[in-house]
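Each remark here refers to the structure printed beneath this line.
The values are calculated or read from the model by the stated rules, or taken from the named source; none is laboratory data. Quick caveat, the model's predicted, so the values are computed rather than measured. Virtual Cβ from ideal backbone geometry, glycine too; neighbours counted across all protein chains shown. Keep in mind that these areas ignore ligands, DNA and RNA; they rest on the heavy atoms of the full protein, side chains included. Shrake-Rupley method; radii C 1.70, N 1.55, O 1.52, S 1.80 Å.
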Amino acid sequence: MSDTSRRPRKPGKPYRRPQKDPVRILAFEALRAVDERDAYANLVLPPLLRKAREGGEFDGRDAALATELVYGTLRRQGTYDAVIAECVDRPLREVDPPVLDVLSLGAHQLLGTRIPSHAAVSATVELARVVLGDGRAKFVNAVLRKVAQHDLDGWLERVAPPYDEDPEDHLAVVHSHPRWVVSALWDSLGGGRAGIEELLAADNERPEVTLVARPGRATADELLREDAAVPGRWSPFAVRLTEGGEPGSIEAVRDGRAGVQDEGSQLVALALANAPLDGPDEKWLDGCAGPGGKAALLAALAAERGAALLASEKQPHRAGLVAKALAGNPGPYQVIAADGTRPPWRAGSFDRVLMDVPCTGLGALRRRPEARWRRRPEDLDGFAPLQRGLLRTALESVRVGGVVGYATCSPHLAETRAVVADVLKQFPQTEPVDARPLLPGVPDLGDGPDVQLWPHRHGTDAMYLAVVRRTG
């Protein structure tokens with residue numbers, strides 16, 4: 001609320017009310033929710049946009065700009081923080097978070113969009129007058145005028161250490177990732193500078209919306225009739241919306257016959273379903289089924305073979321999301337709320353088991369850019385026992401001759417190969433299955449037997465998959 005009402009006005013200078021800009025106010029509200037409530041932008045933004053459209057404040061272009069402002073600011077937060085730090089006279093931690101959010105929005109407009117500099121500064125200062133008050137708006141104006149003195153490349157030359165002196169810190173500032181994440185991704189990727197730069201750049205690109213046509217309920221051809229829809233790269237059930245689009249406006253999505261699902265997630269489910277099996281193929285388990293994307297695809301594939309899926313999810317509200325995703329599946333299935341480390345089912349009950357375990361989510365930074373700033377290296381220690389416990393449950397739950405898929409949406413070696421190697425030492429009567437042939441047509445899958453997908457190579461989230469057969 002403006003603080004000018006408490007100050008005497010200067011003679012001859014009438015007070016001018018700040019101009020309210022619905023787009024930038026909404027973007028600011030979304031950033032505050034992300035910061036204050038640890039919310040995720042992909043959950044906060046859609047209802048805000050829907051309310052603005054229903055209220056007649058927004059059209060399609062307004063929604064696109066608000067989305068770009070929110071996601072662009074979050075993706076480039078590290079870079080913008082480094083720039084803003086050069087333009088203020090105090091440590092960033094001493095700048096009030098709402099002021100820093102406004103400054104970051106302004107920095108993104110100046111350095112990350114084609115909005116003219118004078119318009120970017122003017123619009124952001126007006127936003128500051130509305131949400132911060134006139135006093136702090138003057139501070140915002142002064143800082144942004146300094147930011148506007150250079151373009152992004154010019155600022156990076158000033159704030160990023162030279163690559164030769166500190167490669168990881170250079171990449172962290174230039175590509176806006178925490179240093180520890182840069183280091184972890186580089187270790188997982190291997191190779192030289194080109195690969196890691198391509199990966200970090202891909203993390204900062206806006207991902208396409210990818211749909212899945214659930215077998216027996218919808219077809220890719222049906223979805224391809226939508227505007228700007230093109231086939232997926234690898235999954236026969238995938239369709240990409242190249243110009244964004246609103247999935248909720250598509251009839252098959254509203255009916256639950258199709259859904260929004262990254263192609264990497266689809267490939268993990270398809271690989272498990274295609275893994276060679278000895279003996280019957282009647283009972284499948286998704287042991288970490290929430291929120292239900294992989295479970296819905298698995299249930300549809302199982303139904304085509306006359307098999308049944310048990311979808312288990314520990315959190316009751318997430319189990320409800322799974323049930324919603326599976327509603328209408330043509331074949332038998334069951335959804336339960338159960339702790340996968342203390343399973344209610346008997347050992348050796350299933351022919352195929354998928355465990356897509358909770359993880360740091362470093363493989364989905366395109367979709368959840370704020371996660372990179374929330375995660376800490378110590379989070380790995382918190383996930384490690386759970387990941388190992390769930391993989392042990394999976395191996396105990398599958399019958400002899402059956403197969404287990406261990407998946408994570410993280411490429412971090414501590415969440416992928418280290419987990420599999422540790423657990424398989426406790427289960428000598430197992431053998432790895434080469435997962436690469438289970439993803440036909442997908443290139444650059446490494447030396448096997450496990451596979452790691454990458455945003456810059458495959459256009460997917462960085463999903464990891466290891467397939468193991470129980471031999472005794």
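The protection proxy used here, the mean number of other Cβ atoms lying within 10 Å of each residue, ranks peptides 47-55, 27-35, 353-361 as follows, highest first: 353-361, 27-35, 47-55. Taking every Cα-Cα distance in the chain and sorting them into 20 Å bins from zero, the calculated P(r) comes out as 22, 50, 23, 4, 0 percent. For the chain, lysine pairs with C-alpha atoms less than 18 angstrom apart, excluding pairs fewer than eight positions apart on the same chain, total 9.
With the simple model of a label 7 Å out from the Cα in the direction of the Cβ, residue 413 to residue 447 spans 1.2 nm.
Taking 0.36 nm per residue of sequence separation and subtracting the Cα-Cα distance, how much length would be gained by fully extending the chain between residue 281 and residue 422, in nm to one decimal?
Using 0.36 nm per residue and subtracting the Cα-Cα distance, I get 48.0 nm.
Model label sites at residue 193 and residue 242, defined 7 Å from Cα along the beta-carbon direction, differ in position by 3.3 nm.
Relative contact order for the chain: 12 percent, from Cα pairs under 8 Å spaced at least 6 residues apart, divided by residue count. For the set 250, 115, the ranking by accessible area, highest first and with no ligand, DNA or RNA atoms included, is 115, 250 under a 1.4 Å probe. Here residue 205 sits with roughly 110 square angstrom of accessible surface, probe radius 1.4 Å.
Tell me, in nm to one decimal, what length is gained between residue 249 and residue 122 on full extension, where the rule is 0.36 nm per residue of separation less the Cα-Cα distance?
Once the chain is fully extended between residue 249 and residue 122, it gains 42.2 nm.
Put a dot 7 Å past the Cα of residue 206, heading toward its Cβ, do the same for residue 227, and the two dots end up 1.5 nm apart. When only the Cβ of Lys, Arg, Asp and Glu is charged (+1, +1, -1, -1), the dipole of the range 393-472 relative to its Cα centre reaches about 200 debye.
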